[in-house]
Amino acid sequence: MSIKENLDHINSRIESACIRAGRDVSEVTLVNVSKTKPIELLQEGYDAGMRIFGENKVQEIRDKYEGFVPDGISWHMIGHLQRNKVKYIVDKVDLIHSVDSLRLAETVDKEAAKKGVTANILIQVNVAEEDSKFGLNTEETIAMVKEISQLKNLRIKGLMTIAPFVEDAEDNRLIFRRLKELSVDIDGQNLDNVGMDVVSMGMTGDFEVAIEEGATMIRIGTALFGKRNYSKG
Ligand SMILES: *Cc1c(COP(=O)(O)O)cnc(C)c1O
């Protein structure tokens, strides 16, 4: 299958999920997760219509940002971000999905100020409370959003979660529902500097369930670009 065929197939599955949920397809933004993939494949994706590329490593974003520069693309940082690396990407990415502490948010704020930009961020919530995953507990999220929203050089655009790897996507339905409910709760508080338009959840294995539960952004890699080979380093 070509990347174009993969993308067409994913788009039709997104559309069907939207129809089932009574939602408009324009409510769901696809982040094309291109991590570990070479620029030739990103170019193929671009030619097929992809514009938003998701990456999870700072060095890889820096390399691709230099080497792949077609019109109208945007980069999203979806992986865990170390504070000492924020400075390398804060002016290159349009959205950081993975802010999970006040200290990290403060660093993003400081580095954004230095570069003269406003950073768009999501707050990562570990809804499933998996030890292996980053993110805030649902209980601490609202208080953290309030604190982070005081910072002047960033804007909170919503929430993100990484659901557990499961065989049956239905097993993640309640996780997605909880993240959506949390975003509605926070939205109801009308906090300055805080928007909750973005609910980033759902990957190759479970994006349709995520859409049914209210995802406005889904992050898909494998189903578009094929399996990743990490062993080559
Ligand atoms: C790799 C990754 C994805 C994409 O996962 P697939 O299962 O390949 O679609 C989505 N979100 C995050 C945070 C990732 O690291």
Evaluate the following for Ile148: is it buried (at least 18 other Cβ atoms within 10 Å of the Cβ), free of Cβ contacts under 8 Å to residues at least 60 places away in the same chain and within 16 Å of the ligand (Cβ to nearest atom)? no
Here are Ser98, Ser132, Ser74: which of them is surrounded by fewer than 18 Cβ atoms within 10 Å (Cβ to Cβ), within 22 Å of Gln59 (Cβ to Cβ) and either more than 12 Å from the chain's Cα centre (by Cα) or not aromatic (Phe, Trp, Tyr) (or both)? Ser74
Extreme residue, nearest to the ligand (Cβ to nearest atom), among residues of region 208-233 that are modelled with pLDDT under 95 and of a type in the set (S, T, N, Q): Asn229
Exception for Cys18 within (1) in contact with a helix residue (DSSP H, G or I) (Cβ under 6 Å, 6 or more places away or on another chain); (2) open to solvent by 20 Å² or more (accessible area, probe 1.4 Å) falls at (2)
Output the number of residues of region 58-98 satisfying the condition of being in contact with a strand residue (DSSP E or B) (Cβ under 8 Å, 6 or more places away or on another chain), touching a residue at least 24 places away in the same chain (Cβ under 8 Å) and small (Gly, Ala, Ser). 2
Which of the following residues is touching a residue at least 24 places away in the same chain (Cβ under 8 Å), more than 16 Å from the ligand (Cβ to nearest atom) and under 20 Å from Gly135 (Cα atoms): Glu55, Glu106, Glu44? Glu106
Taking region 127-145 and keeping residues farther than 15 Å from Val199 by Cβ, in contact (Cβ under 8 Å) with a residue 24 or more places away in the chain and in a loop (DSSP other than H, G, I, E, B) leaves Ala128, Glu130, Lys133, Phe134
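The values are calculated or read from the model by the stated rules, or taken from the named source; none is laboratory data. Please read these numbers as outputs of a predicted model, since none were measured by experiment. No Cβ is skipped: glycine too gets one built from the backbone with ideal geometry, and neighbour counts run over all protein chains shown. Ligands, DNA and RNA are stripped out before the accessible areas are found, and what is left, the full protein with its side chains, is counted by its heavy atoms. Shrake-Rupley method; radii C 1.70, N 1.55, O 1.52, S 1.80 Å.
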